[in-house]
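A short write-up of the structure that comes next.
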Amino acid sequence: MSISVSTSSESSSKKPLLGVNIDHVATLRQARGVSYPSPLAAALLCEKAGADGITIHLREDRRHIQDADVYEMAGQLSTRMNLEMAATDEMLAIACEVKPFWVCLVPEKRAELTTEGGLDVAGQVTSLKEYVHKLQASNIKVSLFIDPDDKQIAAAIECGADAVELHTGAYAEAGLANDTDAQLAELKRIEQAVATAQSIDDKLLINAGHGLTCDNVNAIAKIDGIYELNIGHALIADAVFVGLESAVTMMKEAMHK
Ligand code: PXP
């Protein structure tokens, strides 16, 4: 299937897409070490419910998604796989074999509960540029998960990334702490980052994600120029109560209201 990807300037007036991160379906499976629930079945259900892409994070410690999930899913998705991974030699070899539509490079710490901060692209431009080019040579589009920070955006562009994914964790956490001023400040930081990215390179796609929920997603989805939101934990949590298809529908409605 050929799927076109519009540029940031083309997509600025469009509603953002929803990429569903299904890692936590695998978390549930790994908690018992059995074969269910199936991340593949979850991915297909999300696609049926209107997800625009499926995100999975193959962590170095394999705490949720396993190598077999990645290979199995690659042949069966009808949308696009976004493979999150650390920039290691092991992951490069897997990605070049699987050839997901997107790879999103993230920082990884063994002890963290989830991806804690953005990638320090500015601190490793030379090595990341080479890594990004190797993925692109395998026909894979590359996104870099970064904090909404001008220096990181400029560095991501210097590395030749096709997209950045802006870390919305601080925005989400401020909301959970009921700190409205801090949340507004974080929202402005994300808006500013989008504007900076567009002003430097109008072909760069701008995604966002982390900690987004039906309650906090709308303000982020309304930012002009956001191409796709990647959402996992809250959506899978909603699915426990309403089912996966309804949870996808609810999130899309919350994004686009
Ligand atoms: N984007 C990236 C790069 C992530 O690492 C994660 C978490 O795996 C997400 C989005 C989704 O975050 P959440 O599970 O909080 O929705």
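The figures follow:
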| read-out | value |
| --- | --- |
| Helix-derived mean residue ellipticity, 222 nm - over the chain, DSSP H n ≥ 4, -39500 (n - 2.57), to 500 | -14000 deg cm²/dmol |
| Among ILE231, GLY243, ILE206 - extreme Cα towards positive end, dipole of the chain, charges at beta-carbon | GLY243 |
| Share of carbon and sulfur in the accessible heavy-atom surface of the chain [1.4 Å probe, %] | 52 percent |
| Nearest-20 debye value, region 131-178 charge dipole, Cβ charges on Lys, Arg, Asp, Glu | 240 debye |
| Cβ-based net charge around ASN230, under 13 Å, with every Lys or Arg adding one and every Asp or Glu removing one | -4 |
| Peptides 199-207, 71-79 ordered by average Cβ neighbours within 10 Å, highest first | 199-207, 71-79 |
| Proximal charge balance of ILE157 [Cβ under 12 Å; K/R count +1, D/E count -1] | -2 |
| Cβ-Cβ FRET estimate between LYS203 and SER38, R0 fixed at 35 Å, reported to 0.05 | 0.40 |
| Solvent-accessible heavy-atom area per residue, rounded to whole Å², over the chain at 1.4 Å | 45 Å² |
| Dipole magnitude (debye, nearest 20) for the chain, charges at Cβ of Lys, Arg, Asp, Glu | 540 debye |
| Candidate lysines - alpha carbon under 26 Å from LYS15, same-chain residues fewer than 8 apart omitted | LYS48, LYS141, LYS188, LYS203, LYS222, LYS252, LYS257 |
| Radius 10 Å from Cβ of LEU18, net charge of other residues (Lys, Arg +1; Asp, Glu -1) | 0 |
| Under the Karplus curve 6.51 cos²θ - 1.76 cosθ + 1.60, θ = phi - 60°, whole-Hz ³J(HN,Hα) for region 95-107, x wherever Gly or Pro sits | 4, 5, 7, 6, 6, x, 4, 10, 10, 10, 7, 10, x |
| Where GluC sites (Glu not before Pro) fall in DSSP loop in region 97-199, at most 15 other Cβ within 10 Å | GLU112, GLU116 |
| Exposure rank, largest accessible area first [LYS109, LYS257; 1.4 Å] | LYS257, LYS109 |
| Computed FRET value (nearest 0.05) for GLN30 with GLU60, which takes r as the C-beta separation and R₀ as 22 Å | 0.90 |
| Prolate/oblate/rounded call for the chain, Cα gyration tensor, a/c under 1.5 rounded | rounded |
| Order by protection proxy (mean Cβ within 10 Å, highest first), peptides 21-27, 31-37 | 21-27, 31-37 |
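The values are calculated or read from the model by the stated rules, or taken from the named source; none is laboratory data. Computed from a prediction, not measured in an experiment: that's the story for all the values here. As a convention, Cβ positions derive from the backbone with ideal geometry for all residues, glycine included, and neighbour counts pool all protein chains shown. These accessible areas exclude ligands, DNA and RNA; they are computed on the full protein's heavy atoms, side chains included. Shrake-Rupley method; radii C 1.70, N 1.55, O 1.52, S 1.80 Å.
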